[in-house]
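As structure tokens, the structure follows; a few thoughts come after it.
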Amino acid sequence: MKQRNPIAVLLLPFITLGIYSWYWLVKTKGEMNSLGEKIPTAWVWLIPFVGVIWWYYEYSKGVEHVTGEKINWIISFVLLWVLGCIGQAILQDSFNKVSAPVAASSTPAYQPPTVAATNDDSTNQNKPLVQ
């Protein structure tokens, strides 16, 4: 999952008159689907009332799976349905915590170059210093 600032997730919906909330939901849905979830398209929102509830239900089940069941789907659903962008910021913080160890382990640790030590300097003239 992409690292995002939870404060930005909280404040941008106010600046963009709610558009960022939809954008965030669609982008995180795509990221969860790339991890194996099967959250349907956001076009389901166009079905009055039932479409949004069902989509939030499917999304919340995906949150539960992606976070390794650290956030129950019921809690996720309530965060999204009742708290709106505040709930999105809380979920983003959870996504950041879950994806941080993956991001840290995928980058190799810095290893300083090693120098071959010999007594004869003439033999090391054409050899690389890094092994």
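At negative phi, part of a helix (DSSP H, G or I) and not polar (S, T, N, Q): does that describe Lys70? Spell out how you get there, then give the answer.
Values: at negative phi: yes; part of a helix (DSSP H, G or I): no; not polar (S, T, N, Q): yes.
Here the answer is no, as Lys70 does not meet what is asked.
Just give me the residues in segment 49-99 being over 17 Å from Lys38 (Cα atoms) and touching a Lys or Arg at 6+ places or on another chain (Cβ under 6 Å), in sequence order.
Passing the criteria: only Gln92.
Looking at Gly51 and the list (1) free of Cβ contacts under 8 Å to residues at least 12 places away in the same chain; (2) buried (at least 18 other Cβ atoms within 10 Å of the Cβ); (3) small (Gly, Ala, Ser), which single condition is not satisfied?
Here Gly51 meets the rest and fails (2).
Any read-out appearing in this document is the output of simple, stated calculations on the displayed coordinates, not a laboratory observation. The shown structure was predicted, so the numbers you read here are calculated from the model rather than taken from an experiment. As a convention, Cβ positions derive from the backbone with ideal geometry for all residues, glycine included, and neighbour counts pool all protein chains shown.
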